[in-house]
Structure formats: C-alpha cells, structure tokens
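Before any comments, here is the structure.
The values are calculated or read from the model by the stated rules, or taken from the named source; none is laboratory data. The model shown is predicted, which means the values in this text are computed figures rather than measured ones. Cβ: placed from backbone, ideal geometry, glycine included. Neighbour counts: every protein chain shown.
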Amino acid sequence: MKRPILAACVIVAAATSTLAGDLPLQRRSSYVPPETYNSLFNWTGFYVGVHGGYGWGSAAGSNPDGFVGGAQVGYNYQAAPNGVLGLEADISATSIDGKNGAVQFSPDYLGTIRARAGYSFDPAMIYVTGGAAYGRGDLTVAGLSNTQFHWGWTLGGGVEAMVTPNVSARLEYLYVDLGKQNYQSIVGPLGVGYTTSLVRGGLNYRF
C-alpha cells in the first residue's frame, strides 16, 4: 500500500516541478511592444530673434551692395514626426548703396512676410521659404533725392539648429524682387526696379 502512495507522490512532485520550470519560458516568449521614439527637440511655438548679413543686387544701372541687420518674429508647428510649417515676418535696416554716374540708389529698409516649410533632423532643420517682400528705396539724381515704397516677392531657404531647447541659430539665403516704381527726378519720372540677394545669419529665442 505504501509503494503506490509513494509513487503517486513522486509523480505529482515531478509534474509540479515541470510546470514551475515552464513559467519563465512562457514569460520570455510573451510579446513586448517596441519602445516609442520621442524626440528631445520640438519646433512648435512662437519665437523672436535678430539677424545680420550682406546683400548685393541691381537697381538703376548700378549694383548696390552692403550690410543688413534687423529682427524677426514667427511661429512654427511641428507635424509628426519630421515636418515643420511656419510663418515669419522680419524687417532689416541696410547700408546697401549703389551708384552709376550721377544716379545713386539705396534701400532704406527691407522686410519680408514668409511661409516656411522644413524637415527636421532632431536638433537641426532644413527649410524652404517664400512670400511677400517690401522696402523703401531712395533714388538720388544729380543731388536731388526721392523715395518710393516697393512691394514684391521673395524666395529662399536655409538651415536652422537648436543650440539649447530655447535658442536656435540659423543661416539662410533669400532672393528678393521688389519690382519697379516710378521716381521723380530733375529729368522726369524714372522707373526703377530693385532685386537683391541676401545671406543672413540669425539667432532666435523660442517660447
């Protein structure tokens, strides 16, 4: 009688050991979803900043060139995972000036109102940009000057990178066409168009 009972105990113990040994394997074979990647940087938000650079172009038979410097304000929205859309407005004072004989042309200031579309590589972004441009030109003929306001368009692109979560630095190129305006002069009305290329560096503070 004791032998059958002992045998039954051995069988139960062996089965329990086998089941217990299987539990870790069952846990190891269970599905574990992959970790979701979350970027440490996000471009969404308002920002303000400053910029400076150099411009060169053509107007009134001359090739005005000089330095520019000013400020910008804008807003970005980062669409998952890498797309960035934004709007930006800026204005720059200039030392741009060109002369052709007795005719001299210089833009007092330049500004743009642009859309931006970029692709983010985490802390860096490349972008294209385009929109409206404006400025005031000053034409001097034989010592007599006249100013006119210009509207036009601009197109360009650049690269921007975050230095800290709140500060970014950029380098961009813009082509600006301010069209043609009629200026008064001692020889009568003069139609003057102005185009320029701008290379600018800048810093932005993001809120």
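Once the stretch 171-187 is narrowed to residues that are free of Cβ contacts under 8 Å to residues at least 40 places away in the same chain and within 22 Å of Leu198 (Cα to Cα), the residue that is farthest from the chain's Cα centre (by Cα) is Lys180.
Here's the yes/no breakdown for (1) modelled with pLDDT under 95; (2) more than 17 Å from Tyr109 (Cα to Cα):
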residue	(1), (2)
Ser145	yes, no
His150	no, no
Trp153	no, no
Ala161	no, yes
Pro165	yes, yes
Pro189	yes, yes
Leu198	no, no
Gly201	no, yes
Tyr205	no, yes
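Only residues that are surrounded by fewer than 16 Cβ atoms within 10 Å (Cβ to Cβ) and modelled with pLDDT of 95 or more were counted across the stretch 109-123, and they come to 5. Say we look at the stretch 69-112 and pick out the residues that are of a type in the set (Phe, Trp, Tyr) and over 19 Å from the mean Cα position of the chain (by Cα); which of these is farthest from Ala59 (Cα to Cα)? Applying the filter and picking the extreme gives Tyr109.
Can you find even one residue in the stretch 128-139 that is more than 19 Å from Thr195 (Cβ to Cβ) and of a type in the set (Gly, Ala, Ser)? Among the residues of the stretch 128-139, not one is more than 19 Å from Thr195 (Cβ to Cβ) and of a type in the set (Gly, Ala, Ser), which makes the answer no.
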